[in-house]
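To start, the structure under review is shown below, and the notes come after it.
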Amino acid sequence: APVEVAGTYVQQQEVANLDETGWREARQRAWLWTAVTAWVTVFVIHASRGSKVVRQLLGEAFDGVVGSDRWSAYSYLSLKQRQVCWSHLAREFEAMVDRGGESAQIGKLLQGRVEQMFAWWHRVRDGTLQRSSFQVYMVQLKAQVRLYLWSGQHCAHPQTASTCGEILRVEAALWTFVSQEGVEPTNNAAERALRHGVLWRKSSFGTHSATGSRFVERMMTVVASLRQ
């Protein structure tokens, strides 16, 4: 019952960060999912990595903002309800640099904008930069990111072109944190929440049954929420 209450609480929040990692149940592929809010974290183990688990965690009536990566399970949400994780994007820009040539040029330009954005954002968080000023600064930065992504979409490296095109398709979801308080530009909270589950999986090799999975997800929900 307490875990059910926690699940209901998450569905009523304005912001939730979601992520998933691999699991094993009865030696079959499964996924450990988490939904993290300011005061409560919920875990679910499910055989699916699809949107039905996101709907289960958030509920059909959820109208808040979801911080996540660009995985397709979140694509049913409107872009104004999403915040794409900039830590994931930074890793993709690093991969562009590693490919060399024209791809590296685009990647380095995007990395420069990410570094500037986080420098300003950290000042917003520590109170040395007003959000209103940050929003003004971000107007030009957003235009530059769009230009660099457009250039990357038309570059000669097919993987970089594909990645840039995919990011442009969710462009509105890159900037939700700029205008909406309480939204972070990264999904780090959900990634941190999953670390204990990863260690559990490595030491136990997963669970042998649905009963074992319920035990894991419930105990992790209780422990993580009490820590918060």
| query | Do we find a residue being open to solvent by less than 50 Å² (accessible area, probe 1.4 Å) and in contact (Cβ under 8 Å) with a residue 60 or more places away in the chain anywhere in region 47-64? | reply | no
| query | What are the pairs, 6+ residues apart or on separate chains, where a residue within region 19-31 that is touching a residue at least 60 places away in the same chain (Cβ under 8 Å) and farther than 12 Å from Ser48 by Cβ has its Cβ under 7 Å from a residue that is open to solvent by less than 90 Å² (accessible area, probe 1.4 Å) and of a type in the set (S, T, N, Q)? | reply | Asp19/Thr34; Asp19/Ser68; Asp19/Asn187; Ala26/Ser209
| query | If Leu89 satisfies every condition in (1) surrounded by fewer than 20 Cβ atoms within 10 Å (Cβ to Cβ); (2) in a helix (DSSP H, G or I); (3) touching a residue at least 60 places away in the same chain (Cβ under 8 Å); (4) of a type outside the set (Phe, Trp, Tyr) but one, which is the exception? | reply | (1)
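The values are calculated or read from the model by the stated rules, or taken from the named source; none is laboratory data. This one's a predicted model, so the numbers in the text were calculated from it and none came from an experiment. In this analysis, Cβ positions are derived from the backbone assuming ideal geometry, glycine residues included, and neighbour counts consider all displayed protein chains. Ligands, DNA and RNA are excluded from the accessible area calculation, which covers all protein heavy atoms including side chains. Shrake-Rupley method; radii C 1.70, N 1.55, O 1.52, S 1.80 Å.
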